[in-house]
Ligand code: FES
């Protein structure tokens, strides 16, 4: 099983690891195949642009690398643009993953979608409360 240089780079030097204390949305998901966990925090401005993303994972190297790359790809995008970024796009931008590790790349996509859903819920609740 071989990892590309880009995957190794993101695994060894993951970008945007951590948490955002006053996040606009938080998403946490588990991978049914392996039990690993991913948590993603997003900060969204008034124009619905994602200005910051941080992630924490209890997951394998492939999950770390794809999450690291995914955070780079969504910062600066609107939430609608971010929702169009798939785990396949993230994986391809890293030069691919061994087939048995492809399920790991789904964690970041699912956690990001959960964080965006959380942001939308919070915003809707905020409007209701005036
Ligand atoms: Fe669990 Fe990769 S083995 S995310």
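The values are calculated or read from the model by the stated rules, or taken from the named source; none is laboratory data. Please read all numbers here as calculations on a predicted model, not as lab measurements. When we count neighbours, we look across all protein chains shown, and the Cβ atoms used for this are built from the backbone with ideal geometry, even at glycine.
Side notes on the structure shown:
- Meets criteria (in contact with a strand residue (DSSP E or B) (Cβ under 9 Å, 6 or more places away or on another chain), modelled with pLDDT of 95 or more and either within 16 Å of the ligand (Cβ to nearest atom) or more than 27 Å from residue 5 (Cβ to Cβ) (or both)) for residue 66: no
- Some residue of region 115-122 being within 16 Å of the ligand (Cβ to nearest atom), in contact with a strand residue (DSSP E or B) (Cβ under 6 Å, 6 or more places away or on another chain) and farther than 14 Å from residue 7 by Cα: no
- Residues located in region 24-52, provided they are more than 10 Å from the ligand (Cβ to nearest atom) and touching a residue at least 40 places away in the same chain (Cβ under 8 Å): 24, 25, 26, 27, 28, 29, 39, 40, 41, 42, 44
- Selection within region 55-87 - free of Cβ contacts under 8 Å to residues at least 40 places away in the same chain, within 13 Å of the chain's Cα centre (by Cα) and within 15 Å of residue 19 (Cα to Cα): 56
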